[in-house]
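Worksheet: one structure, shown below.
The values are calculated or read from the model by the stated rules, or taken from the named source; none is laboratory data. This structure is a prediction, so every number in the text was calculated from the model and none was measured. Reconstructed Cβ throughout: ideal geometry from the backbone, glycine too, with neighbour counts over all protein chains shown. All accessible areas refer to the heavy atoms of the entire protein, side chains included, with ligands and DNA or RNA removed. Shrake-Rupley method; radii C 1.70, N 1.55, O 1.52, S 1.80 Å.
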Amino acid sequence: MATERGLKVATIGGGSSYTPEIVEGFIKRYDELPVKDLYLVDIEEGKWKLDIVGALAQRMVEEAGVDMKIHLTLDRREAIKDADFVTTQFRVGLLDARIRDEKIPLRYNCIGQETTGAGGLAKALRTIPVILDICKDIEELAPDAWLINFTNPSGIIAETVNKHTNVKSIGLCNVPVKMHMMSADILGVDREDVRMDLVGLNHLVWGRDVIYKGESKIDEVLEKLVSGQVQEVKNVPDFGWGEDLLKSLRMMPCPYHRYYYLTAKMLEEEIESAKTKGTRGEVVKKVEAELFELYKDPNLKEKPKQLEQRGGQYYSDAACDLISAIYNDKGTIHYVNIQNNGTVDCLPNDSAIERTCYVDKEGAHPLNVKPLPSKVKGLLQVVNEYEALAVEAGVYGDYDAALQALVIHPLVESSIAKPLLDDIIKENIDYLPQFKAVVESGRVK
């Protein structure tokens, strides 16, 4: 791994507003992770963002005095060739597509969210053809590279890559990282001394335990969550869980569980927000515009604090930590999306799960999981089968699989599944080459 000159990393979606965080992550780990060539890749439509972020990245590297060269390119193959690591953080259709993902379901009085339910399916269908193209390039040009994906919906993308490519890959999400940090902060202890027993799917992961220096602290954490005094994440409304729910669950839900456990409240909030301040995507679009104005400042030479308002902070730093664990054969604990392979006995082996793992040069190794109780197993299995259908639909342009994915999803009322799916396909057709034949056949109304 790595040339004599050092590591080569390609970041697909390099014009993202999150890129300064990954640059900062590589800078602060430079002594243990000698990234000498960082390729930031984007598409023509995103070139203006790439130029702004790239100039900031260059200023950050110069300010830090590290020997890292920043390359800006629209040529993905050039970036991937002989790379040691490829990170993916792209959004097909940009934020306008996210806003559609949120608004289309709301027409049907249905949760509209970018990674969960109908909106998550729309995002997956757009993203799957692109991730498969990227993987073809990796297989040809950098067969030994690791793909570290934090493009959403991360679990579905992880499952797609595992099932349909030969690329070594690990999926990453910032939600488990935030759950870990929040638990340590609740306990008032050093984050390094806490380990979470996390298991589930991406954005549907449960904390079965919080372990501090060998002792279970889950009850203390849940007690604080019941109090409602803990701010969890910026991109999910922070309704209280309710004492009875948490006591009966006796596990730590992730913030996205609110869509399943508090569906009516979440839908009501989404409808009201869409009428007043806009959907979350519209809010983020404004935040991102402000960030890029900041990034243009030639005197800015560090990641600005305002980036935390984007809602996805810590993704990139977690990615750098993960890359270092692989490169340095650390055997450290991380929370990642990997192939199940028998870890969770109630799910198929080829499913992608989110699990506490130790990571070394061979990749991520999930810790053993005791059988899951019925109170989580039922929801987990249904959403897992939805994800399998979403992968099938996205890879093959299978209309029936896409329709059944919506029919079985807990957040979609089955009678609206067809008109909802048809709207998703029609309004995203520019990004859904796999569905063009279905549209031409007249099946999409």
Taking only pairs six or more apart or across chains, which ones have beta-carbon atoms under 7 Å, a first residue in the stretch 375-393 that is modelled with pLDDT of 95 or more, and a second residue that is open to solvent by 10 Å² or more (accessible area, probe 1.4 Å) and among the aromatic types (Phe, Trp, Tyr)? Leu379/Tyr260
Residue under evaluation Pro304, criteria (1) under 24 Å from Glu102 (Cβ atoms); (2) open to solvent by less than 20 Å² (accessible area, probe 1.4 Å), criterion not met: (1)
When you go through (1) surrounded by fewer than 23 Cβ atoms within 10 Å (Cβ to Cβ); (2) under 22 Å from the mean Cα position of the chain (by Cα) one by one for Asp75, which number turns out not to apply? (2)
Go through (1) closer than 18 Å to Ile111 by Cβ; (2) not in a helix (DSSP H, G or I) for Asn299 and report which single condition fails. (1)
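Condition test on Arg107, is it under 19 Å from Glu282 (Cβ atoms), in contact (Cβ under 8 Å) with a residue 12 or more places away in the chain, surrounded by fewer than 21 Cβ atoms within 10 Å (Cβ to Cβ) and among the charged types (D, E, K, R)?
On the way: under 19 Å from Glu282 (Cβ atoms): yes; in contact (Cβ under 8 Å) with a residue 12 or more places away in the chain: yes; surrounded by fewer than 21 Cβ atoms within 10 Å (Cβ to Cβ): yes; among the charged types (D, E, K, R): yes.
Yes.
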Looking only at the stretch 159-198, how many residues end up being more than 25 Å from Phe90 (Cα to Cα), part of a helix (DSSP H, G or I) and open to solvent by less than 10 Å² (accessible area, probe 1.4 Å)? 2
His71 is checked against (1) over 20 Å from Ile43 (Cβ atoms); (2) in contact with an Asp or Glu (Cβ under 7 Å, 6 or more places away or on another chain) and fails just one. What number does that condition carry? (1)
The stretch 130-155: number of residues that are of a type outside the set (A, V, I, L, M, F, W, C) and more than 17 Å from the chain's Cα centre (by Cα): 7
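Can you find a residue in the stretch 140-152 that is among the acidic types (Asp, Glu), at negative phi and surrounded by fewer than 22 Cβ atoms within 10 Å (Cβ to Cβ)? Give the steps one after another, and end with the answer.
Taking the stretch 140-152 first, the residues among the acidic types (Asp, Glu) are 140, 144.
Checking the rest, the ones that are also at negative phi come to 140, 144.
Keeping just the survivors that are surrounded by fewer than 22 Cβ atoms within 10 Å (Cβ to Cβ) gives 140, 144.
Yes.
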Listed residues Val344, Val369, Val284; which is touching a helix residue (DSSP H, G or I) at 6+ places or on another chain (Cβ under 9 Å), within 30 Å of Asp193 (Cβ to Cβ) and either touching a residue at least 40 places away in the same chain (Cβ under 8 Å) or open to solvent by 60 Å² or more (accessible area, probe 1.4 Å) (or both)? Val344
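Specify the residue that is farthest from Val359 (Cα to Cα); the eligible residues are those in the stretch 326-341 that are outside any loop (DSSP other than H, G, I, E, B) and not aromatic (Phe, Trp, Tyr). Working first, answer last.
At the first step, the residues of the stretch 326-341 found to be outside any loop (DSSP other than H, G, I, E, B) are 326-327, 332-339.
Narrowing the set further to residues that are not aromatic (Phe, Trp, Tyr) leaves 326, 332-334, 336-339.
Working: Ile326: 6, Thr332: 5, Ile333: 6, His334: 7, Val336: 10, Asn337: 12, Ile338: 11, Gln339: 14 Å.
In this case the residue turns out to be Gln339.
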Under 6 Å between Cβ atoms, at least 6 apart or on separate chains: pull out the pairs that start in the stretch 315-339 with a residue that is closer than 22 Å to Thr165 by Cβ and end on any residue that is open to solvent by less than 10 Å² (accessible area, probe 1.4 Å) and among the hydroxyl-bearing types (Ser, Thr, Tyr). Ala319/Thr87; Asn337/Ser154
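Could you tell me whether Val210 is closer than 12 Å to Met251 by Cβ, touching a Pro at 6+ places or on another chain (Cβ under 7 Å), β-branched (Val, Ile, Thr) and part of a strand (DSSP E or B)? Spell out how you get there, then give the answer.
Values: closer than 12 Å to Met251 by Cβ: yes; touching a Pro at 6+ places or on another chain (Cβ under 7 Å): no; β-branched (Val, Ile, Thr): yes; part of a strand (DSSP E or B): yes.
Here the answer is no, as Val210 does not meet what is asked.
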Scan the stretch 316-329 and give yes if some residue there is over 25 Å from Met60 (Cβ atoms) and modelled with pLDDT of 95 or more, otherwise no. yes
Any hit, the stretch 387-400, residues being of a type outside the set (Asp, Glu) and touching a Cys at 6+ places or on another chain (Cβ under 7 Å): no
Identify all residues within the stretch 391-445 that are crowded, with 22+ Cβ neighbours inside 10 Å and either on the phi > 0 side of the Ramachandran plot or in contact with a His (Cβ under 9 Å, 6 or more places away or on another chain) (or both); write none if there are none. Val391
Name, by its number, the condition in (1) free of Cβ contacts under 8 Å to residues at least 12 places away in the same chain; (2) open to solvent by less than 10 Å² (accessible area, probe 1.4 Å) that does not hold for Ile131. (1)
Could you figure out which of (1) open to solvent by 10 Å² or more (accessible area, probe 1.4 Å); (2) of a type outside the set (Phe, Trp, Tyr); (3) touching a residue at least 40 places away in the same chain (Cβ under 8 Å); (4) closer than 21 Å to Val194 by Cβ isn't true of Glu354? (1)
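Given the criterion of a type in the set (Val, Ile, Thr) and either closer than 26 Å to Glu362 by Cα or in contact with a strand residue (DSSP E or B) (Cβ under 9 Å, 6 or more places away or on another chain) (or both), identify the matching residue among Ile80, Ile43. Walk me through how you get there before you give the answer.
Working: Ile43 fails: either closer than 26 Å to Glu362 by Cα or in contact with a strand residue (DSSP E or B) (Cβ under 9 Å, 6 or more places away or on another chain) (or both).
Just a single option satisfies the conditions, and that option is Ile80.
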